[in-house]
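Okay, structure first, notes after.
Bear in mind these aren't lab numbers, they're just calculated from the coordinates by the rules spelled out. Note that this is a predicted model, so its numbers are computed, not measured. In this analysis, Cβ positions are derived from the backbone assuming ideal geometry, glycine residues included, and neighbour counts consider all displayed protein chains.
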Amino acid sequence: MLESIVGINWGDEGKGRMVDLLSKDYDIVCRYQGGNNAGHTVINDKGKFILNLLPSGILREDVVCVMGPGMVIDIKHLAGEMKKLREAGIRISPDNLKISDRAVITMPYNVQQDCLEEERLADKKFGSTKRGIAPVYADKYLKKAFRMGELLNPVLLKKRIPDIVEWKNLTLVNAYGAAPATVEEIEAYFEEYGAPLKEYICDTGLYLNQAAAEGKNIMFEAQLGALRDIDFGIYPYTSSSSTIAAYAPIGAGVPNLKLSKTIGIMKAYSSCVGEGPFTAEYFGEKAEKLREAGGEYGAATGRPRRVGPFDVVASKYGIRCQGADEIALTKLDVLSGHEEIEVCEAYELNGKILTEFPFTDVLDDCKPVFKKMKGWNSDISACRKKEDLPKEALDYIRYIERACNCKIRYVSVGAERDAYIEM
Ligand code: GDP
Ligand code: MG
């Protein structure tokens, strides 16, 4: 079984939570893109964890976690994340964590560049998480990045550093007037944070291929959602990597293998961190209420998330981009206690009704068309079976299935591992 778990919306759909739950049936969980701009919150019997780089399978003793070649890894951040988890009693060793030699290293100067650029943009800023993600992916494609495997060959690595530092300083110093990076600090950085990771670094593609040949179950875990994908999202307000399921075999290092299933994680309402068009957005008191009810504050940054009702147009597009076979609808409990619930059923553009997600440029001019549905007054967080749900909640689920032409297999009604219903 080779399955991917991906986001249908703008991210923060509860992927970490669903990976933690569903990984009980898997031997391996592999993160295949992005970096520590991810914030996956997992709550289970071991405690509450926020994972940025480590796959959300790390909390299960018998699951092996892989960080794939599609990732960008801030090694200092990773050291901190591993330390925190160990302090909470989680075992992390080369037996249960494997880091791809081809994964790219996010450098301190990439984080610096990210901050400098957001400062330069001022009120036109992108809402970057300032974790260096866009600059490091740019370096990757410019072929000026360092990769994890280079840490295994310190002699060659040492030779490359001066050239890269000289090149990077052209930007830091000349473009931004910032302090230059130095060869000494980069060497010291690799020594302090890179050297301890050496025993984790390997050819994870080979490892996953062997595991697949042995019939092991492998899950590919995505970060963010379809609408933040570099190619299909709300460019330029996207992330810099592919958040799409079809990229999973590549980002995981097994381009020769085919996915057997894709599970899309879709939120029962909408949330969006950072800038960019967000058609169904709520403002004022309506937004405050939903944000409070859903605890919508960024896990990686603490920023209040923008919120709105469920968006049929964007979600349908997200499901299509992801090729999702099954959906987990998350955070349905957040919508409890309302007479009426709104959904955004279509967009209006200059008097025309759109039911398909348009090209990004026209999104700013689109107005949401809301439809009202009957809400439910009872608390559903203790429901564990379909039959436990109030009729209106079931109607809401069925409406979404019909409107988005998808099959909802799981519904989550709380943040804890077991707070879900299999439909
Ligand atoms: P991810 O980035 O997709 O992994 O999602 P995040 O962890 O950033 O955001 C999801 C948030 O919702 C986290 O704080 C979770 O603890 C929480 N959460 C997940 N599922 C549920 C649910 O069914 N109900 C409620 N109330 N909270 C949930
Ligand atoms: Mg998140």
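Just name one of A181, T204, P236: the one whose Cα is farthest towards the positive end of the charge dipole of the chain (beta-carbon charges, Lys/Arg +1, Asp/Glu -1). About the Cα centre, the residue reaching furthest to the positive side is T204. Among DSSP beta bridges lying fully in the chain, give the percent that are antiparallel, nearest 5. Percent antiparallel among DSSP bridges in the chain is about 40.
Adding -39500 (n - 2.57) for every DSSP H run of four residues or longer, then dividing by how many residues the chain holds, sets the calculated 222 nm ellipticity at -8500 deg cm²/dmol. Under 5 Å between amide hydrogens, built in the peptide plane, is the criterion, and for E342 it picks out M373 among residues at least 5 positions away or on other chains.
Label separation (D25 vs E340): 3.9 nm, computed from points 7 Å beyond Cα along the C-beta direction.
Only beta bridges with both residues in region 41-193 are counted; by DSSP, about 50 percent of them are antiparallel. Computed 3J(HN,Hα) for region 271-277, one whole-Hz value per residue from the Karplus formula 6.51 cos²θ - 1.76 cosθ + 1.60 where θ = phi - 60°, is 8, 8, 9, x, 8, x, x, glycine and proline marked x. Take each peptide in 348-358, 35-45, count the other Cβ atoms within 10 Å of every residue, and average; sorted highest first, the result is 35-45, 348-358. Taking the empirical scaling 2.2 N^0.38 Å for compact globular proteins as reference, region 2-98 has a Cα radius of gyration ratio of 0.98. Judged by the mean number of other Cβ atoms found within 10 Å, the most tightly packed of the peptides 109-116, 312-319 leads the ranking 312-319, 109-116. Between E192 and D418, the contour length at 0.36 nm per residue exceeds the alpha carbon distance by 77.4 nm. As a rough guide to protection, the peptides 392-399, 97-104 ranked by mean Cβ packing within 10 Å, highest first, stand as 97-104, 392-399.
With both labels modelled 7 Å from their Cα along Cα-to-Cβ, the L121 to D163 distance reads 3.1 nm.
Here region 68-126 is assigned +1 on the Cβ of each Lys and Arg and -1 on the Cβ of each Asp and Glu. Its dipole about the Cα centre then comes out at about 240 debye. Distance from the Cα centre of region 359-383 to that of region 208-226, in angstrom? Computed from Cα coordinates, the inter-centre distance equals 33 Å. The value given for region 183-318 is a Kirkwood hydrodynamic radius of 18.1 Å, derived from the mean inverse Cα-Cα separation. Distance between the pseudo-spin-label points of T355 and S381 (7 Å out from Cα toward the beta carbon): 3.7 nm. Note on D388/K48: beta-carbon distance plugged into 1/(1 + (r/R0)^6) with R0 of 41 Å gives a FRET efficiency of 0.95.
Among residues other than V313 with Cβ under 10 Å from its Cβ, the summed charge is -2 (Lys and Arg +1, Asp and Glu -1). Computed across region 146-262, the Kirkwood radius stands at 17.5 Å (inverse of mean 1/r, all Cα pairs). Annotation: the chain has a Kirkwood hydrodynamic radius of 22.1 angstrom, from the mean reciprocal C-alpha pair distance.
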